[in-house]
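As structure tokens, the structure follows; a few thoughts come after it.
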Amino acid sequence: MKKKVRRQHTEEFKKEAVRLAQSCGKPIAQVARDLRVTDGLLHAWIGKHKEAESKGVSAEDLKREKEEMMRLRREPPVFSSLNSMLLTYHGVVIPRIFSYNFVSSIAINYQTHYN
């Protein structure tokens with residue numbers, strides 16, 4: 001059994017398909033059949049084009065922006081390791097290298113001095 005190969009369309013093809021669908025006056029389903037794509041795919045291209053237009057950028061820029069957001073969501077935050085090395089005690093940020101006794105002695109001195 002042969003695997004079905006997915007066709008990939010260039011950005012130029014997508015732009016031209018959207019322009020054609022919006023300007024020719026034919027139903028989108030008919031334009032999609034003429035271009036040999038599904039009407040759902042053509043609707044998706046039109047939606048992305050409208051979204052890019054509303055933001056005032058090109059479709060390619062919008063695509064790059066979304067890819068960058070996905071990449072940033074996948075990678076771990078930079079400050080998570082820094083946060084794990086710090087300890088907050090009564091609003092005072094203290095590096096975790098200090099022992100609990102040291103931290104509690106600071107807290108006792110603070111409470112007796114300021115209360």
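Can you tell me which residue in the range 1-31 is surrounded by the fewest Cβ atoms within 10 Å (Cβ to Cβ), limited to those that are of a type in the set (A, V, I, L, M) and closer than 17 Å to Lys48 by Cβ? It comes out as Leu20.
Put simply, of Ser54, Ser80, Ser105 the only residue that is of a type in the set (S, T, N, Q), modelled with pLDDT under 60 and at negative phi is Ser80.
Contact map, the range 28-40: residues that are touching a residue at least 24 places away in the same chain (Cβ under 8 Å) paired with residues that are in a helix (DSSP H, G or I), Cβ distance under 8 Å, separation 6+ or inter-chain. Pairs shown: Val37/Ala17. Residues that are surrounded by fewer than 13 Cβ atoms within 10 Å (Cβ to Cβ) and outside any helix (DSSP H, G or I) are absent from the range 40-49.
All of Leu62, Leu72 fail the test of being among the aliphatic types (A, V, I, L, M) and surrounded by 13 or more Cβ atoms within 10 Å (Cβ to Cβ), apart from Leu62.
The values are calculated or read from the model by the stated rules, or taken from the named source; none is laboratory data. Note that the structure is a prediction, hence the values are computed from the model and not measured. Cβ sites come from the backbone with ideal geometry, for glycine too, and all protein chains shown count toward neighbours.
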